[in-house]
Amino acid sequence: ILRARSRDLVRNNPIAANGVQVLVSNLVGTGIRPRAKTSNPELNKKIDALWAEFAKNCDFHGHTDFHGLTALAVREMIEGGESLTVQKVAPRRAGSKVQLKIEVKEADHLDDTKVQSSNTNGQRISQGIEYDSEGRRDAYWLYPDHPGDMNRDLRNAFQSVRVPAD
């Protein structure tokens with residue numbers, strides 16, 4: 001309910017929308033700009049070139065770059081309380097050296113109704129997050145489609161799938 005009200009406020013109140021934009025701008029700034037610092041200048045150039053290629057083409061959906069994804073994740077954190085990022089390995093395309101892609105998902109994709117008491121191995125699920133016997137996050141239970149999407153097949157409407165945390 002809180003997430004829905006927050007999103008409604010940002011959509012319908014220009015002061016709230018501006019507040020979110022100001023926070024995103026100040027938190028993200030110009031973005032992360034890593035530079036390699038090995039003792040080998042040639043290796044530094046190769047690493048920096050790979051980073052530049054990745055940053056330019058890392059969005060799984062192809063809409064933005066790394067800096068846009070960073071701003072989107074922060075915006076979702078402010079507006080919806082948290083965000084999820086999923087790493088995916090895409091098929092290699094001609095000329096591309098980096099296959100890693102990132103998909104930013106709204107927190108609504110997390111099946112927070114998924115709960116399971118500790119089993120014999122000490123694993124448990126709490127609010128859609130599966131923990132191992134040591135208490136480390138082992139997996140997330142995510143809806144493949146957004147739960148609010150009215151255009152999806154209703155047979156699979158609320159069936160979450162296990163996504164390993166790694």
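Restricting attention to segment 39-128, close to 90% of DSSP beta bridges with both partner residues there are antiparallel. Solvent-accessible surface of segment 1-119, taken per residue with a 1.4 Å probe and all protein chains present: 68 Å². Each of Ala49, Thr64, Leu9 was scored by the projection of its Cα onto the charge dipole of the chain, and the greatest displacement toward the positive side belongs to Ala49; charges sit on the C-beta of Lys, Arg, Asp and Glu. Within the straight-line cut-off of under 17 Å between alpha carbons, the aspartates and glutamates reachable from Lys45 are Glu53, sequence neighbours fewer than 8 places apart in one chain being disregarded. Structural size metrics of the chain, computed from C-alpha coordinates, are Rg and Dmax of 19.1, 57 Å. Cross-link partners of Lys114 among lysines, defined as those whose alpha carbon lies under 30 angstrom from its own and excluding same-chain residues fewer than eight positions apart: Lys88, Lys101, Lys105. Each Lys and Arg Cβ is given +1 and each Asp and Glu Cβ -1; about its Cα centre, the chain then shows a dipole of about 540 debye. A cut-off under 15 angstrom between Cβ atoms defines the neighbours of Lys45, and their net charge, with Lys, Arg +1 and Asp, Glu -1, is +1.
Where both bridge residues fall in the chain, DSSP classifies roughly 95% of the beta bridges as antiparallel.
The values are calculated or read from the model by the stated rules, or taken from the named source; none is laboratory data. Just so it is clear, the model here is predicted, and its values are computed rather than measured. In this analysis, Cβ positions are derived from the backbone assuming ideal geometry, glycine residues included, and neighbour counts consider all displayed protein chains. Side chains included, ligands, DNA and RNA excluded: accessible areas come from the protein's heavy atoms. Shrake-Rupley method; radii C 1.70, N 1.55, O 1.52, S 1.80 Å.
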